[in-house]
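FYI, it's all coordinate maths here, none of it is from the lab. Here the structure is a predicted model, which is why all the values come from computation and not from measurement. Neighbour counts are summed over all protein chains in view; Cβ atoms, including those assigned to glycine, are modelled from backbone coordinates with ideal geometry.
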Amino acid sequence: MAYEVEKSDEQWRTELSPAEYQVLRKAGTEPAFRGEYTDTKTAGVYSCRACGAELFRSTEKFESHCGWPSFYDPKDSAAVELIDDRSHGMVRTEVRCARCGSHLGHVFEGEGYPTPTDQRYCINSIALRLESAESAEG
């Protein structure tokens with residue numbers, strides 16, 4: 001698929017830290033309960049760390065106790081791309097940034113969370129950048 005933001009592998013390696021590159025470009029996963037935004041309650045918008053596209057709002061973030069930031073809906077359905085993922089002997093749905101194709105995490109359904117969608121977008125903190133509502137106002 002062609003993305004609005006396309007860069008060479010070398011460009012991504014230059015712009016991202018090794019840990020960011022591993023998650024965003026190689027579909028890695030950061031360790032559970034270690035990410036910067038796992039327990040954050042700050043109001044604002046979460047954007048793709050690779051390209052800056054707005055992905056999720058803090059109003060859709062919820063406590064899932066899974067070890068990664070969880071959202072029940074993206075900011076806009078066109079903000080993310082959902083792809084079948086059959087890696088590691090599992091069947092899951094991968095979540096990617098629709099603007100640059102970077103790996104964000106996975107979405108799970110039907111787990112019984114008390115959310116309007118019964119979906120859990122389980123997203124790596126390192127794939128995100130939070131702009132707090134306070135900094136956006138100032």
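For this structure, a couple of remarks:
- Dipole magnitude of the stretch 52-93, debye to nearest 20 (Cβ charges: Lys/Arg +1, Asp/Glu -1, about Cα centre): 120 debye
- Annotation: cysteines of the chain without a disulfide-compatible partner (Cβ-Cβ under 4.7 angstrom) are Cys66, Cys122.
- For the chain, averaging the sequence separation of C-alpha pairs within contact (under 8 Å, six or more residues apart) and dividing by the residue count gives a relative contact order of 28 percent.
- Centre separation in Å (Cα based) which lies between the stretch 94-108 and the stretch 32-69: 13 Å
- Base-10 log of normalised Debye intensity for the stretch 90-138 (one unit scatterer per alpha-carbon) at q = 0.19, 0.22, 0.28 Å⁻¹: -0.79, -0.90, -1.02
- A Cβ-based charge dipole, computed about the Cα centre of the stretch 9-137 with Lys and Arg at +1 and Asp and Glu at -1, lands at about 260 debye.
- Helix-only [θ]222 nm of the chain, DSSP H runs n ≥ 4, -39500 (n - 2.57) each, per residue, nearest 500: -3000 deg cm²/dmol
- FRET efficiency for the Val5 to Arg92 pair, using the beta carbon distance and R₀ = 25 Å, is estimated at 0.50.
- Model label zone, Thr115; criterion: amide N under 20 Å from point 7 Å along Cα-to-beta-carbon; scope the stretch 40-64: 40-49, 53-64
- Of the residues Pro18, Pro31, Gly44, the one whose Cα sits farthest toward the positive end of the charge dipole of the stretch 2-48, with +1 on the Cβ of Lys and Arg and -1 on the Cβ of Asp and Glu, is Pro31.
- Over the chain, the fraction of Cα-Cα pairs per 10 Å bin, rounded to whole percents and listed from the shortest bin up, is 12, 44, 36, 7, 0.
- Packing around the peptides 96-107, 47-58, 26-37, taken as the average count of other Cβ atoms within 10 Å per residue, puts them in this order, highest first: 96-107, 47-58, 26-37.
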